[in-house]
Structure formats: structure tokens, C-alpha cells
Amino acid sequence: MFTADQLVAHLVGDFLLQTDWMAREKFRNSLACRLHVVTYTLPFLIITTVPEALLVIAGTHFLIDRWRLPRFLIWARNLPFPGRRPFSECNRTGFSRDMPDHLSRFLYIVIDGSCHVLINGAAIFYLG
């Protein structure tokens with residue numbers, strides 16, 4: 001279900017092809033996010049040309065990146081445990097402000113990438 005070429009396509013699209021402007025503006029500007037999604041999806045054309053799989057890859061990437069959806073997942077996973085904080089205190093990355101900034105940013109990137117890889121793998125396996 002998950003292959004090396006799928007992981008490489010994700011890394012190329014999300015890191016090598018993303019410009020500084022896209023990375024900085026995709027949370028605030030839909031055009032920047034759409035352009036990022038186009039460049040992100042290009043490497044996946046080597047793996048699949050099935051329109052439905054590419055649409056899932058591109059569409060979910062837009063939703064996840066534009067509205068920073070992993071921060072809700074990060075915050076929600078702490079709900080059943082003591083010490084949880086209201087979302088208003090965790091809205092930047094999903095982690096509380098007690099977490100060092102460099103660590104919360106790094107973990108956010110890892111969790112964001114994990115979400116993309118899981119969705120992309122399922123799309124390619126089941127649709128592509």
C-alpha cells in the first residue's frame with residue numbers, strides 16, 4: 001500500500017518543489033495553496049495517471065495545508081488526558097504553548113506529512 005516511489009513523490013512535491021512564498025502564504029492565501037498543490041501533485045504523475053487518485057491526492061492536500069488540519073488532530077488526541085488545554089491556547093500547531101516552539105513545529109511537520117502519506121497511499125492503492 002505504501003511504496004518508496006510514493007514517499008519520494010511526497011518529499012519532492014512537498015519540500016523540493018515548494019517555494020518559500022508557497023510555504024509562507026499557503027495558510028493565508030488560497031492561490032498560493034493551489035499553486036503548491038499543483039506542484040505537489042506533479043511527481044505523483046509518475047506513479048499514477050488515474051484522475052480519481054490524483055484528485056484525492058490534490059484535493060486532500062489543499063484541505064490539509066490551507067486550513068492546517070493536523071493541528072486539530074494533534075489537539076484532539078490530548079482531550080482524554082489530564083493537562084489538556086483549550087484549542088485557543090493550541091491553535092498554532094495543536095500543541096500547547098508549553099511545548100518548545102522548535103519541537104512543536106518539527107512534530108507538526110511530521111504529523112502533517114504522515115497524514116498526506118496515509119491518504120496518498122490509500123488513494124494510489126485503491127483508486128490508482
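Every read-out reported here was derived from the displayed coordinates using simple, explicitly stated rules and does not represent laboratory data. These figures come from a predicted structure and were not determined experimentally. We place every Cβ from the backbone using ideal geometry, glycine too, and count neighbours over all the protein chains shown.
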message = What are the extents of the Cα atoms of segment 4-126 along their three principal axes, in Å, largest first?
response = 46, 31, 21
request  = For the chain, find the longest principal axis of its Cα atoms and tell me its angle to the long axis of helix 51-66, 0 to 90°, nearest 10.
outcome  = 30
key: Dipole of the chain, positive direction: furthest Cα of Phe2, Val38, Leu73, with charges on the beta-carbon   = Leu73
Label-point separation, Thr49 to Leu63 (7 Å along Cα→Cβ), nm = 2.8
Degrees, to the nearest 10: 30-41 long Cα axis against longest axis of the chain = 50
